[in-house]
Amino acid sequence: MTILLFTFILLVGAYLAGLLGSLTGLGGGVIVIPMLTLMFHVDLRYAIGTALLASIATSSGAASAYVKEGITNIRLGMLLEIATTLGAVIGAMIAIFMPTNTIAIIFGVVLIFSALMTVRKKNEQPELVGSPLAEKLKLNSSYPVNGEKIPYKLSNVTGGFSLMTVAGMLSGLLGIGSGSLKVLAMDTMMKIPFKVSTTTSNFMIGVTAAASAVVYLQRGYMDPGIAFPVIIGVLGGALTGAKILPKINPKTLRIIFAVAITLVAIQMMVNGVQQKF
């Protein structure tokens, strides 16, 4: 395979990864890493480094649009970024010394969890009774729905902050945004409406990934020849997904995608057990 053909296939694959990741809310990393490792046999740590760079690009692009629309809770995102960034650095340092087959098994488990999260019932009802800590930190806010501002309040801020640390560790360890775990922390534990939790999670992913990427960069686990087409492809796919998402019903797509990444997760876990990484 020539370098030109390899780059073209990588670009197309990354575009599809960004498109599906944008439509399902999981990000492109859950597809990019299996694609690089299973199809192109790229070393897992290089695949993780590439996925982190792609996460930074896509998060930066999408987050600005959501902030402009007034959906993202910026104050909450900045608070929770403290937890995710700390966890990301710890996770990235652990990943450097952890055997790649063990990382592959953990990655498979997280993928299956992410698949379940895509098809679960989403919380769209705003919380009316918040916690005193949320009130003190001024985290309660509102978001637009059909031209109206719907107020909401937060609960269990401490529990959400703790779970965000775990999400950050998984992000640094596996090279994915851990959006499913972040959304779980905000949607289920802190009782934030789903639209707010997903957009705030997207706002945070870039900062979390950047903290992890520094560790991988220092260790030399980033190949520009692989990273450049992946970043361009994922970013293009994510922007396309953002445009067509309002025009389609993503429910069926989420089910198909959940089945697909479950199969990929099983393959990753089998290869990890057989020590093929």
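The values are calculated or read from the model by the stated rules, or taken from the named source; none is laboratory data. Note that the coordinates shown come from a computational prediction; the quantities given were computed from them, not determined experimentally. Here Cβ is always computed from backbone atoms with ideal geometry, including for glycine, and neighbour counts include all displayed protein chains.
Screening segment 234-252 for residues that are under 13 Å from LEU16 (Cβ atoms) and modelled with pLDDT under 80 and picking the one that is surrounded by the most Cβ atoms within 10 Å (Cβ to Cβ) gives ALA238.
The single condition among (1) surrounded by fewer than 17 Cβ atoms within 10 Å (Cβ to Cβ); (2) at pLDDT 80 or above that ASN146 does not satisfy is (2). Elements of the type helices (runs of 4 or more DSSP H) sitting completely within segment 137-241 and holding at least 3 residues that are in contact with an Asp or Glu (Cβ under 7 Å, 6 or more places away or on another chain): these cover 194-218. Screening PHE6 with (1) modelled with pLDDT of 85 or more; (2) under 12 Å from the mean Cα position of the chain (by Cα) gives one miss only, at (2). Within segment 58-109, the only residue that satisfies the criterion of being within 16 Å of TYR143 (Cβ to Cβ) and without any contact (Cβ under 8 Å) to a residue 60 or more places away in the chain is LYS68.
The C-beta contact set for segment 214-236 (first residue among the β-branched types (Val, Ile, Thr), second residue crowded, with 21+ Cβ neighbours inside 10 Å and part of a loop (DSSP other than H, G, I, E, B), distance under 8 angstrom, 6+ apart or interchain) comprises VAL234/GLY28.
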